[in-house]
């Protein structure tokens with residue numbers, strides 16, 4: 001289990017743990033990032049990441065990406 005910022009680019013990852021406050025965690029769940037979901041890490045630049053979740057793309061800051069653990 002590693003933080004999202006250390007995932008390989010162009011790879012599919014499974015979200016294993018999210019260490020955030022309830023409000024932020026709920027917001028991510030509404031966007032499709034929840035424990036057990038599969039996400040595609042498109043690219044990473046200086047810790048900020050761009051993900052493909054379901055049919056859309058998301059940009060996540062380095063701060064958030066360090067608190068989302070994937071496998």
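Nothing in this text is a laboratory measurement; each read-out follows from the coordinates by a stated rule. Remember, it's a predicted structure, so these values are computed and weren't measured experimentally. Note that we place each Cβ from the backbone using ideal geometry, even for glycine, and neighbour counts take in every protein chain shown.
Within the range 17-31, the residues that satisfy the criterion of being without any contact (Cβ under 8 Å) to a residue 24 or more places away in the chain and within 17 Å of residue 57 (Cβ to Cβ) are 27, 30.
The one condition from (1) surrounded by 17 or more Cβ atoms within 10 Å (Cβ to Cβ); (2) in contact with a strand residue (DSSP E or B) (Cβ under 6 Å, 6 or more places away or on another chain); (3) under 15 Å from residue 1 (Cβ atoms) that residue 67 does not meet is (2).
Quick one: which of 14, 50, 39 is assigned to a strand (DSSP E or B), touching a residue at least 12 places away in the same chain (Cβ under 8 Å) and either touching a helix residue (DSSP H, G or I) at 6+ places or on another chain (Cβ under 9 Å) or over 16 Å from residue 2 (Cα atoms) (or both)? When all the criteria are applied, what remains is 39. When the range 17-36 is filtered for residues that are in contact with a helix residue (DSSP H, G or I) (Cβ under 8 Å, 6 or more places away or on another chain) and closer than 11 Å to residue 4 by Cα, only 18 remains.
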